[in-house]
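Okay, structure first, notes after.
The values are calculated or read from the model by the stated rules, or taken from the named source; none is laboratory data. Predicted model, so just to flag it, every value in this text is computed and none were measured. In this analysis, Cβ positions are derived from the backbone assuming ideal geometry, glycine residues included, and neighbour counts consider all displayed protein chains.
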């Protein structure tokens, strides 16, 4: 979306941390620009004005906007003012002035303008043409801010008579999210840019489907990006990793109304020309993520609206002109960026966005910083190659041009966000499963807070520094998920609890370490109406607890992360769970948690996992919780756990035995175990005897429980007894709020975890 300002991000975070306040930034709106960016080996220089103009006209893109878009590329100079001898653009002046001009002139796109910046790499034929798009405001589901700058980089070789494009790079939502890129495009076809609604993140369109983004080649056409896939991750092995364009990939992405001083921004008296209709359509907007009881299913489909083309289209050669979209609705002025470089700052006050972070007692709220910086203050303005995000593309350019460095070692965090729902194979909702989510989510690494949306359920954060990070995932209508992610040194292959094998340099991808969050890269979210919060009070134990895991009898392991203090995990109330804690001596403790599947949040009965395409209701006032106080580890803990499971099993088997005793035994031959024209009667007697035998065995076993064999034939790979997942039991956690308990009900044997399957 936009680019990070030039102040020290970590110093800002440290200041917030000392005050006990979280922080959130989205869409590249926060942080320093240069320290984390790989620089090329050679400096760049400005290209002759006439040459720059010709190159800019030759590759000027056609722009496709959403039908609901309201902030189109314009000229910020119309809203500039003098402040203490410097030229600035104030957010109030720009936003209100833009809508005032719309109202006065009747134009949907006042002063349509695209700025170009052309630099050449010294001693090389590689030249970069940049197209910068300024919008007065940015409204997105993870981010709001005054002003917005987006960029398209066109890398060309100027050695021959005609410039030959080498690589297109279209900016995505955040510097940590892979850009949309295309290597070796058709020289006769100028690029097209598909602008995301509200955020203006840029996707590419290079095939015959002009106004659609296509991630994979289908229907005889090629894909619009050449980004590589993560072949070491099964779920993403064939999916090009780039942000793309959600509206063309079937994903729902609800927007949120920005607030200023606790009220919607359009109610501020300093914005008299801004109304509710000035923002993203109300049909695509939710009040807040936690204001819904479940993920929205009624967001309308989106479509292409206005098309912008350059005024300089006539300067293109005949082949390019034939492919230029001559039916553009609006022509934009193509202006040199040098004409706006005198603007020193783009200003605006803080806008509010709440990001929920699960906490032990109550969830924390991360604030949202909203600023942007001028393009000419960013390293990629002088060194466009710094914005190449795909390592295979950087490697390709490095092979062709000595002035470009190859990809550096880095850590990339990967996660696939799914939805936890009741399992239809589980009796009476006594187990859960996971399915693909129809709504995109948002990721936040608190140690380097730059929020980023998922694409097709995938979340990717690049260049994550080594160390422990708190990853939080939010989704509209879903309870938040948060966990600690441990990241080793990039390219070192150092061990990490969440790290996949470190990749070696294969000649085109650099040395990259993929780190997966969740369980095998999967993070299941739970609809708020179906959620129960499991709280673990790690402060009350005499052991140093280091890990927390949670496993459902049917879905297998759903949560597994380091633990360093009191923590909380949201689970689906229709599941039956075993919670495991592990201490620094590698000793285990295990506990059963069984939320009441028939009771919704705040004690209200509620149906969950609905597939209806109707608007979701308001979120519950509170979510029930279960607390595990002072969790213990070691033999005593597991012995108690086994005793509880044994008692629960005995009760469940006794209930089955009672049903058998109360059945109609009118057939005398059945009582004698004599076949009566079939084997069913005799078999029934055998089943009854087996039930009674199991009941007696479990009753006797209760008096003999000591410690389990840690790796015996009846143990899970993690050391838990297999019996732990065989029947539902009562939680040893202490319920809080309006949470209810249900136990003593038989269940099917536990399935293996997903990794075991």
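What's the number of the only condition in (1) closer than 21 Å to residue 118 by Cβ; (2) surrounded by fewer than 18 Cβ atoms within 10 Å (Cβ to Cβ); (3) at pLDDT 95 or above that residue 399 fails to meet? Status for residue 399: all satisfied but (1). The set of residues in segment 262-282 that are without any contact (Cβ under 8 Å) to a residue 60 or more places away in the chain and within 26 Å of the chain's Cα centre (by Cα) comprises 264, 282. When residue 161 is tested against the conditions (1) out of contact with any strand residue (DSSP E or B) (no Cβ under 7 Å at 6 or more places or on another chain); (2) within 28 Å of residue 311 (Cβ to Cβ); (3) part of a helix (DSSP H, G or I), the lone failure is (3).
Does any residue of segment 357-374 turn out to be in contact with a helix residue (DSSP H, G or I) (Cβ under 6 Å, 6 or more places away or on another chain) and either part of a strand (DSSP E or B) or modelled with pLDDT of 90 or more (or both)? Before the answer, list the steps.
Taking segment 357-374 and keeping what is in contact with a helix residue (DSSP H, G or I) (Cβ under 6 Å, 6 or more places away or on another chain), we get none.
For segment 357-374, residues in contact with a helix residue (DSSP H, G or I) (Cβ under 6 Å, 6 or more places away or on another chain) and either part of a strand (DSSP E or B) or modelled with pLDDT of 90 or more (or both): absent.
Of all the numbered requirements in (1) under 30 Å from residue 349 (Cα atoms); (2) surrounded by fewer than 24 Cβ atoms within 10 Å (Cβ to Cβ); (3) touching a helix residue (DSSP H, G or I) at 6+ places or on another chain (Cβ under 9 Å); (4) in contact (Cβ under 8 Å) with a residue 40 or more places away in the chain, residue 107 misses one, and that requirement is (4).
Out of the residues in segment 530-544 meeting the condition of being in contact (Cβ under 8 Å) with a residue 40 or more places away in the chain and more than 16 Å from residue 627 (Cα to Cα), tell me which one is surrounded by the fewest Cβ atoms within 10 Å (Cβ to Cβ). Explain how you work it out, then say what you get.
Taking segment 530-544 first, the residues in contact (Cβ under 8 Å) with a residue 40 or more places away in the chain are 530-538, 540-541, 543-544.
After this cut, where a residue has to be more than 16 Å from residue 627 (Cα to Cα) as well, the list is 530, 543-544.
Numbers: 530: 32, 543: 19, 544: 12.
Among those that are in contact (Cβ under 8 Å) with a residue 40 or more places away in the chain and more than 16 Å from residue 627 (Cα to Cα), it is 544.
Pick from 285, 347, 297: which is within 27 Å of the chain's Cα centre (by Cα), under 30 Å from residue 132 (Cβ atoms), crowded, with 16+ Cβ neighbours inside 10 Å and modelled with pLDDT of 80 or more? Just one listed residue meets the conditions, 285.
Scanning segment 435-473 for residues that are within 21 Å of residue 288 (Cα to Cα), more than 9 Å from the chain's Cα centre (by Cα) and in a loop (DSSP other than H, G, I, E, B) yields 437, 438, 446, 449, 450. Given the criteria assigned by TED's automatic domain parsing to the domain that holds residue 309, touching a strand residue (DSSP E or B) at 6+ places or on another chain (Cβ under 8 Å) and more than 27 Å from residue 463 (Cα to Cα), does residue 258 qualify? No; evaluated as a whole, the condition is false for this residue. Within segment 214-229, one or more residues are free of Cβ contacts under 8 Å to residues at least 60 places away in the same chain, surrounded by 24 or more Cβ atoms within 10 Å (Cβ to Cβ) and in a loop (DSSP other than H, G, I, E, B).
Listed residues 391, 384, 379; which is in the same structural domain as residue 88 (by TED's automatic domain parsing) and either surrounded by fewer than 22 Cβ atoms within 10 Å (Cβ to Cβ) or at pLDDT below 90 (or both)? Before you say what the answer is, go through the steps one by one.
Numbers: 391 fails: either surrounded by fewer than 22 Cβ atoms within 10 Å (Cβ to Cβ) or at pLDDT below 90 (or both); 384 fails: either surrounded by fewer than 22 Cβ atoms within 10 Å (Cβ to Cβ) or at pLDDT below 90 (or both).
Going through 391, 384, 379 in turn, the sole match is 379.
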